[in-house]
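The structure appears below as structure tokens.
What follows is calculated from the coordinates using simple rules that are stated; it is not laboratory data. Predicted, not measured: the structure shown is a model, and the values here were computed from it. Please note: Cβ atoms are built from the backbone with ideal geometry, for glycine as well, and neighbour counts cover all protein chains shown.
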Amino acid sequence: MNKPKIASDWICGCAGCHMSLLDMDERILKIVELADLRATPITDLKEPDESGVDVGILEGGVNNSANEEVAHKMRKRSKILVALGDCAVFGGVPAMRNLCGVEAALKRAYVEAESNEPGSQIPDDPELATMTQARAIHEVVPVDYNVPGCPPDADTIFYVLAELAQGRKPEIKDEYLHWH
Amino acid sequence: MLQITINGKQIEVPEGTTVLRAAEKAGINIPRLCDHKELTPYGGCRLCIVEVQGVRVPMASCTLPVSNGMVVNTETEALKKSRKFILSMLFSERNHFCPFCQVSGGDCELQNAAYHEEMTHWPIQPGWNNFVVDTSHPYFVLDNNRCILCRRCVRACAEMAGNFTLSVAERGAKSLVVADTDVPLGESTCIKCGSCVQVCPTGAIIDKTSAYQMHDKDLTEVKSICTGCSVGCSIKLMVRDNRIIRIEGGWHGSVNHGVLCEHGRYDPMNESRKRITTPLMKKDGKLEPVSWNEALKAVADQLRPLSGQKDGIAAIVSTKLPAETLTAFKDLFAHNEIVTTTEEGMPTASVTKFAEKQGSFEGKLDVLSNADTVLCIGVDAGRTHMVAGFMFKRNMPKGTRLINIDPEENELNDLANLYLKPKAGSDLALILGLQAVIVKEGLGRSPLALPDTDSLIQKAVEETGISRDQLTQTARVLANSITPVILFGKGITAQRDENLVEELYNLAVLVGAVDSERLGLLSLKGEANSLTATLLGLDQIFELNGHKAVFVALGDDYVSRSFVERVSKVSYLVVQASYESKLTAQADVVLPVTVWSEQEGHYINLDGRVQKTQKVFSAPENVRDNLAVLNELATRMNISLESNWKQAILARKSSVALN
Amino acid sequence: MQTKRAMILVSNDPESVRLGANELIQHLTEALIAYDLQDEVEISPLSNVGVSNILPLVAVYPEATVYGPVKAEDARFLVEEHLYKGRIANDLLAPPKHLSGNIGWLRAHKGYNPAEQRIVLERAGRIDPENIEEFIAENGYQALGKALTETTPEQVIETIEKSGLQGRGGAGFPTGRKWKFVRMAKGEKKYIICNADESEPGTFKDRIVLEGDPHTILEAMAIAGYALGADEGYIYIRGEYGLAYRRLQHAIEQAEEYGFLGKDIFETGFNFHIHLHTGAGAYVCGEETALIESIEGKRGEPRARPPYPVTHGLWNKPTLVNNVETLANIPAIIRNGAEWYRSFGTPSSPGTKVYTIMGNVNFTGVIEVPMGITLREVINIYAKGMKPGSILRMAQTGGSSGSIIPASLQDTPMDFESFRKAGVSLGSGALLICDQNTCIVDLVKVLLQFFRFESCGKCTPCRVGTQRAYEIVARISQGQGRLEDLDTLISLGQEMERAANCGLGQTAAVPIRDMLKHFRTETEAHILLGSCPAGKCEMLPEVEHV
């Protein structure tokens, strides 16, 4: 098969952008016709091909060390990298915790919140990823296309994927660059 | 006229036009943020920069005056790059969370500007510093995370409302929009006019009552007139689903040019009275719902025999109702002695009486815009008719002086250059005293014969309790002005003495406020249609003397406790009203009628402008139009309502020219 | 002034006062009385002498012997030895290396080196600034008298135009042309403003004039008023200059008393009043329209231009705004003529320039030299060379937004034209001479910190651009920079120059540009090698990247 390969992953996101992708409904058949959907959170493969893919898509921001690994890996294995949705593009809603900092956010979530049991502590298992400032993908690796929206609407996602699948450069403007 | 070529298009513009406005005239839109068509140009955001042939660096088109033969380019690649830079700087400065912002999605000028430049991300991420969100104000939220420091709000507070509450503290990257000396907005000198909200390009200042209730592009816009008072500001209603989402000052308005006061903007939103949704009739001491037919029949049957009889019907109408309704009301009850309004002519009777002798003598509100001294007497322009107050407050930094005269505590005393508190009821002596000082010192612009200036001055000092020095100083400041204006209100007119009005007029002529070129004398009157009512002759004080029936056409107006007491002892009370009140509780028949937004009609404001309100909504099902009810009653009472309001108002001489 | 046989000048600038100058003067006076010399010897205060290491300084004339530092208890010895016995009081002599150049200028206002020429500073340091009679004795108010009684306003303007005098505040705009614009502007009411805000870091040339020779500014402003048709002037003086403010206030009072200011000056019917207005710590108020806004009681934010102050200035009236140094040239030009002024300097930049020399050189202070000398001459002749162990690495000319030039450009003549050709700015005349221990990145970081702090905040490019530029350069100085940062800085600088509202934003980018033009290797060393070649910057440990 010489169809271009597309892979995607989500890091610090809510999965809403992938849901919006699915909102393109039957048009996904067109995408599958044009391209080879490889690893995505909604298909079976879990990692982008080691041999590389043509288009890599990331939803969600880079908010801990594990996210960083995923972002670097996707960048390394993709010819074109797309940041999908506001979290990927600028940090999104999770970036609000940048206003108070990692320490205060962890303390609030794990110790001070009303729903915490008394004596709760911030988890410090060495296997856990280290939390960092909430960052946009482009702060960590170079990004080729930013698709803003929370989430971007299905029409926009379809347009971007269809263009990339046909080897063209999507122009995200006018009706594809707006807020609901 | 000057010639300018923009993007190859050549047009002519008058001298003083900025390049930005010239481009608009040529149909070319230059992106901009800090500029607003109703505020003085600032030149701060730098988004509007253009390339001018012969000039090394780009110039801000919003502040650049056109010079003859100028050649301008607005769409070079370098300019597009510069615009992206400006926007990236702005996004990196504060914390712009579009996902959940109330104006995101079409109502944010910053977002729109970025999308116009096809920016899909922020080239430079923000530093994520925390900025103050001030929620202390009852109506607005000031969120500094969204502020782009365009200073539109500062300029609006200064140039529209003349209140000067908002300013910028610190400088450079530490600049912050603050209220007064950096106090919470809710504890500041803010008078809640909402001018800042109306002009803010982002979601930095948000109106709490209308937030998240649909984007502007999906709301319906209706232009109308505010019926809150006799200033008659133009308003723009943003509506959906048969309710008002937001009221804005109409930029198109010749009276207010976009500014509104707290009452015009929020009173309709704060309406908490209970709507009457069906005709009611008292049966066995209790008000029961009845059909329109039953109610109207009962009223007509009761009033028909009493019409024209001595001490028969006393008819009182609200001056908040349209001219058409007032005219019909007058005709309907024409044969009765008492046909008057809830205001009883307090703001207008003496003024109209004087006009019978003098002709039109009052000026237009525009005369305030270049007044160098404003004398306010008998009016608190900081509390009522506030927009009229804005018109001179905003010129005070440029040198306009305010002289405030009020026996009671007055909101504007802190602001006034001079304020006098004469004893109540001493106005005539005071006015004559001022005239006397001016004549005695030879400062008058035109001759005025005064018998004995010394004794007038003495009398003024004795009766008012004001010192001789204060009287003299006030007179001198007024007389030495070049473009003085005298504003008066109910404090004077409620005394129903046209002699007072005449002496104010004489004072105005004496100091040159009124001459062949200017009419710098005006009264602020009262409600929306006070002037119309008085022109229709509906301005007498009523005194019930065993009247058998009282008909009150209240509309959506309020009614005072003393009014309720005065009419409650009558044997048959009919009230035509929109909302429940102590008056309707006492009535024998209650006829539910439309509110201001459910009817259209004409209003004449305090300076003679004839304006029309629009019908924005349909009335609730069982509620009828004010005019329709009167027409229906007239038919049933065999009275024909012949008059056309346009002719009817000409019956008396108006104190101000009508247009 | 009585004729006395000797004169003792004692420095009484704030630093000298702090070190006991007032007590010294008292002791000297007592000593003179003790030796019955009070009728023969005069004691006079001397304002800032332009040196800092030997205060309080005492100079005795006619021998022009300079003693320093002199303590109060030495006063008797000095008087006994020098004035009574006629011997040099060797123990108190100021070390020669501190004086080279100074004995010269104290001897005559020609200066130690014949190339130094004092026009602006002809009296500063030699007369008592609080005594108008000393000013008058030194040609004071002669120019004003000449202008008012012998020349028409147009002739005055013509003289200034012919002299070729250019603005000395940093912009270099031809002064005569500016005067002409104001004269031609429509309107009865006009203003003269002296820009004494002097906030450019490292510049204190105007301060010398304001503290040492305040009357010359008053005279210049009155001449300008006559020439332009203005009857009112303002001196906008930075709030930090307390002594200068008091000296000016006193000078205005004296001038009014003597009839050189006020109504009917020289009985010609010409009126001129001068008001003093203090700044409040804002560098941006040195920009002429921001200065005007400040006088009007508003935030010191530069206005949109056009229109310019020459037609729409203070209270929207035609206004002349000139720097102190520019004005200080006026009386001399009127007295001696345009041709005389043109005999100094270069054809395109006539006259002299006052420079403040700072940095790793042997002599730091103020000099006044003809336009056109080179940086090499300044360093080697007037600054007495680099300090031992210091090699010239770079110099910043013209204040904080001035150019940073490498040693290779030290032979460029310092006049507006040559500098402009070399792409370098002359600015206000502050010369910061840096040796090999100065790191360019650190210097630029400090400059950007200054601009960020001083930005008025009106326009986006400067308000945010200075902040972003500072952050990037700070990161580079800590070894946290990336190569892309240099491209970002270049484009930041370019856009700030294009889009900023005033000179602060436009020229804040100059240090960045010069850093990348002349010192790119050192900058890249911080990024690529994580080290500072000058050994100045403190590198932070590298941030872990996955």
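Of chain C, which part is the longest with no trypsin sites (Lys or Arg not before Pro) in a loop (DSSP not H, G, I, E, B) and with at most 12 other C-beta atoms within 10 angstrom?
Details: sites that count: C:5, C:85, C:87, C:186, C:298.
Between exposed loop sites, the widest span is C:299-546.
Beyond a 32 Å Cα-Cα separation, which of these cross-linked pairs lie in this structure: A:79/B:217; B:25/B:223; B:357/B:459; B:217/B:364? Spell out each step's value before the answer.
Details: A:79/B:217 40 Å; B:25/B:223 24 Å; B:357/B:459 27 Å; B:217/B:364 36 Å.
Long pairs (Cα-Cα over 32 Å): A:79/B:217; B:217/B:364.
How well do other chains shield peptide C:493-500, expressed as the mean number of their Cβ atoms within 10 Å of each residue Cβ?
Across C:493-500, the average partner-chain Cβ count within 10 Å equals 6.
Going by the alpha-carbon gyration tensor, a ≥ b ≥ c the square roots of its eigenvalues, is chain B rounded (a/c under 1.5) or, if a/c is not under 1.5, prolate (a/b greater than b/c) versus oblate?
Working: a/c = 2.15, a/b = 1.37, b/c = 1.57.
It is oblate, given that a/c is not under 1.5 and a/b is not larger than b/c.
Tell me the relative contact order for chain A as a rounded percent, counting alpha carbon contacts under 8 Å between residues six or more apart.
On the way: 318 pairs, mean separation 49.2, N = 180.
Relative contact order for chain A comes out at 27 percent.
Using only the Cα atoms of region C:411-546, build the gyration tensor, take square roots of its eigenvalues as a ≥ b ≥ c, and label the shape rounded, prolate or oblate: rounded if a/c is under 1.5, else prolate if a/b is larger than b/c, else oblate.
Details: a/c = 2.01, a/b = 1.27, b/c = 1.58.
It comes out oblate by the Cα gyration axes.
For helix A:154-165, report the angle its Cα long axis makes with the longest principal axis of the Cα atoms of chain A; keep it between 0 and 90° and round to the nearest 10°.
60
At q = 0.07 Å⁻¹, work out log10 I(q)/I(0) for the protein assembly as shown with the Debye formula, treating every Cα as an identical point scatterer and leaving solvent out; two decimals please.
Scattering profile of the protein assembly as shown, log10 relative to I(0): -0.97.
How about region B:1-85: which trypsin sites (Lys or Arg not before Pro) there are in a DSSP loop, with at most 16 other Cβ atoms within 10 Å of their Cβ?
Details: sites: B:9, B:21, B:25, B:32, B:37, B:46, B:56, B:80, B:81, B:83, B:84; in loops: B:32, B:37, B:46, B:56.
Those that pass, being in a loop and sparsely packed, are B:37, B:56.
Once you order the gyration tensor axes a ≥ b ≥ c over the Cα atoms, which shape class does chain C get: rounded for a/c under 1.5, otherwise prolate or oblate by comparing a/b with b/c? Don't skip to the answer; put the middle values down first.
Values: a/c = 2.02, a/b = 1.23, b/c = 1.64.
In terms of gyration-tensor shape, oblate.
For each cysteine in chain C, check whether another cysteine's C-beta sits under 4.7 Å from its C-beta; list those where none does.
Result for chain C is C:194, C:285, C:434, C:439, C:456, C:459, C:462, C:502, no neighbouring Cys Cβ within the cutoff.
Reachable lysines from residue C:4, Cα under 27 Å, same-chain residues fewer than 8 places away excluded?
C:71, C:85, C:110
If I take the Cα coordinates of region C:298-453 and project them onto the principal axes, what are the three extents in Å, biggest first?
55, 42, 27
Please list the non-local residues whose amide H lies under 5 Å from the amide H of residue A:59, H modeled 1.01 Å from N, same-chain partners needing a gap of 5 or more.
A:9, A:10, A:11, A:84
Tell me, what is the FRET efficiency for residue B:221 and residue C:387 to the nearest 0.05, using R0 = 56 angstrom and their Cβ-Cβ distance as r? Don't skip to the answer; put the middle values down first.
Working: r = 74 Å, r/R0 = 1.33.
The pair residue B:221/residue C:387 has a calculated efficiency of 0.15.
Need one number: nm distance between label points at residue B:309 and residue B:651, each 7 Å from Cα along Cα→Cβ, rounded to one decimal.
The two pseudo-label positions are separated by 2.4 nm.
Once the dipole of chain B is set up with Lys and Arg at +1 and Asp and Glu at -1 on Cβ about the Cα centre, which of B:644, B:453, B:420 lies farthest towards its positive end?
Highest projection toward the positive end goes to B:644.
Pull up the DSSP beta bridges for the protein assembly as shown and report the antiparallel fraction as a percent, rounded to 5.
Details: 76 of 159 bridges.
Restricted to the protein assembly as shown, the bridges split so that about 50 percent are antiparallel.
So if a site counts as exposed when it's one of the trypsin sites (Lys or Arg not before Pro), its DSSP state isn't H, G, I, E or B, and it has at most 16 other Cβ atoms within 10 Å, what's the longest stretch of chain A without one?
Numbers: sites that count: A:46, A:168, A:173.
Here the longest run is A:47-167.
Using the Karplus curve 6.51 cos²θ - 1.76 cosθ + 1.60 with θ = phi - 60°, work out ³J(HN,Hα) for each residue of region B:31-38 in order, rounded to whole Hz, and write x for Gly and Pro.
Those phi angles translate into x, 7, 10, 7, 6, 9, 4, 9 Hz.
Quick one: angle between helix B:498-510 and the longest Cα principal axis of chain B, in degrees between 0 and 90, rounded to 10, please.
Helix B:498-510 sits roughly 40 degrees off the main axis of chain B.
With labels modelled as points extended 7 Å from the Cα through the Cβ direction, what inter-label distance (nm, one decimal) is found for residue B:37 paired with residue A:3?
Taking the simple label geometry, residue B:37 and residue A:3 are separated by 5.3 nm.
Given a Förster radius of 60 Å and the C-beta distance between residue A:51 and residue C:296 as r, what FRET efficiency does 1/(1 + (r/R0)^6) yield to the nearest 0.05? Kindly include the intermediate steps, with their values, before the conclusion.
Details: r = 71 Å, r/R0 = 1.18.
Calculated transfer efficiency: 0.25.
Hey, got the Cα dimensions of region B:143-182 along the principal axes, in Å, largest first?
Sorted largest first, the three principal extents are 27, 19, 17 Å.
Which distance in nm do the two modelled labels at residue C:482 and residue B:640 give, with both placed 7 Å along the Cα-to-Cβ direction?
Going by the 7 Å Cα→Cβ label model, 8.9 nm.
From other protein chains only, count the Cβ atoms within 10 Å of every residue's Cβ in B:37-45, then give the mean. Don't skip to the end; give the middle numbers.
Details: counts 0, 0, 0, 0, 1, 5, 8, 9, 5.
Partner-chain Cβ atoms within 10 Å, mean over residues of B:37-45: 3.
Filter the GluC sites (Glu not before Pro) in region B:154-258 to those in DSSP coil with at most 11 other Cβ atoms within 10 Å of their Cβ, and list the result. All intermediate terms of the calculation are to be shown ahead of the outcome.
Working: sites: B:159, B:170, B:187, B:221, B:248; in loops: B:170.
When the GluC sites (Glu not before Pro) of region B:154-258 are filtered for loop state and at most 11 Cβ neighbours within 10 Å, B:170 remain.
Which residue, B:321, B:186, B:71, has the largest displacement toward the positive end of the dipole of chain B when charges sit on each Cβ (Lys, Arg +1; Asp, Glu -1)?
B:71
Cross-link list B:37/B:80; B:236/B:490; B:320/B:612; B:274/B:582; A:5/A:169; B:310/B:646: which exceed 18 angstrom alpha carbon to alpha carbon?
On the way: B:37/B:80 23 Å; B:236/B:490 29 Å; B:320/B:612 13 Å; B:274/B:582 12 Å; A:5/A:169 16 Å; B:310/B:646 30 Å.
Too far apart for the 18 Å limit: B:37/B:80; B:236/B:490; B:310/B:646.
For residue B:486, which sequence-distant residues (separation of 5 or more, or a different chain) have an amide H within less than 5 Å of its own amide H, given hydrogens modelled in the peptide plane?
Those lying under 5 Å, H to H, from residue B:486 are B:375, B:521, B:522.
Using Cα pairs under 8 angstrom and six or more residues apart, how large is the relative contact order of region B:455-557, in percent?
23 percent.
Give me the Debye-computed log₁₀ of I(q)/I(0) at q = 0.30, 0.32 Å⁻¹ for region B:221-270, equal point scatterers on Cα only, no solvent, two decimals.
-1.19, -1.30
Residue by residue through region B:199-216, which ³J(HN,Hα) values in whole Hz follow from phi under the Karplus form 6.51 cos²θ - 1.76 cosθ + 1.60 (θ = phi - 60°), with glycine and proline marked x?
So the J values, rounded to whole Hz, are 9, 4, x, 10, x, 6, 10, 10, 7, 4, 5, 10, 5, 6, 10, 4, 5, 4.
Which of the DSSP-defined H helices in chain C satisfy a minimum axial length of 20 Å, computed from C-alpha atoms, and a minimum mean Kyte-Doolittle hydropathy of 0.0?
Working: long enough: C:214-228 (22 Å, 1.00); C:242-257 (23 Å, -0.87); C:440-454 (21 Å, 1.20); C:460-477 (25 Å, -0.14); C:483-499 (25 Å, -0.24).
Span-like helices in chain C: C:214-228, C:440-454.
Cut-off under 18 Å on the C-alpha distance; same-chain residues fewer than 8 positions from residue B:84 excluded. Which lysines are left, in chain and number order?
Straight-distance partners of residue B:84: A:173.
Report the Cα-based extents of chain A along its three principal axes, largest first, to the nearest Å.
So the extents along the principal axes, rounded to whole Å, are 56, 37, 28.
Let me have the relative contact order for chain B, percent, based on Cα pairs under 8 Å that are six or more residues apart. Display every interim value, and only then the final one.
Working: 1377 pairs, mean separation 90.6, N = 659.
Value for chain B: 14 percent.
Write out the GluC sites (Glu not before Pro) in region B:484-590 meeting two conditions: DSSP loop, and at most 11 other Cβ atoms within 10 Å of their Cβ. Before the final figure, lay out each step's value.
Working: sites: B:498, B:502, B:503, B:517, B:527, B:543, B:565, B:580; in loops: B:517, B:527, B:543, B:580.
Passing sites in region B:484-590 are B:517, B:543.
Mind checking B:116-129 for the average number of partner chain beta-carbons within 10 Å of each residue's beta-carbon? If you can, show how the numbers build up before the last one.
Details: counts 3, 1, 5, 5, 13, 14, 7, 3, 6, 9, 5, 4, 10, 2.
For this peptide, the per-residue mean of nearby foreign Cβ atoms is 6.
Give a residue-ordered list of calculated ³J(HN,Hα) values for region A:13-30 (Karplus: 6.51 cos²θ - 1.76 cosθ + 1.60, θ = phi - 60°; whole Hz; x for Gly, Pro).
x, 9, 6, x, 5, 5, 5, 5, 4, 5, 5, 6, 6, 5, 5, 5, 5, 5
Just to confirm my numbers, what's the Cα centroid distance between region A:23-96 and region B:574-604 in Å?
First find each Cα centre; the distance between them is then 64 Å.
Quote to one decimal, in nm, the extra length available between residue C:71 and residue C:491 on full extension: 0.36 nm per residue of separation minus the C-alpha distance between them.
Working: separation 420, 0.36 × 420 = 151.20 nm, distance 5.67 nm.
Difference between extended and current length: 145.5 nm.
FRET efficiency for residue B:482 and residue B:658, Cβ-Cβ distance as r, R0 = 30 Å, nearest 0.05? Could the numbers behind the result be given before it?
Details: r = 29 Å, r/R0 = 0.95.
Result of the calculation: an efficiency of 0.55.
Counting only the backbone N, which residues of region C:260-281 are under 20 Å from the spot 7 Å out from the Cα of residue C:146 toward its beta-carbon?
C:260-261, C:265-268, C:270
Taking all pairs of distinct Cα atoms, average 1/r, flip it, and tell me the Kirkwood hydrodynamic radius of region B:530-610 in Å to one decimal place. Please report the intermediate quantities before stating the final value.
Details: mean 1/r = 0.0706 Å⁻¹.
Value: 14.2 Å, from the Cα pair sum.
Enter the angle in degrees (range 0 to 90, nearest 10) between the Cα long axis of helix B:323-332 and the first principal axis of the Cα atoms of chain B, meaning the one along which they spread out most.
That helix lies at roughly 10 degrees to the long axis.
Using a Cα-Cα cut-off of under 18 Å, which aspartates and glutamates could be cross-linked to residue B:286, ignoring same-chain neighbours fewer than 8 residues away?
Cross-link targets: B:294, B:580, B:588.
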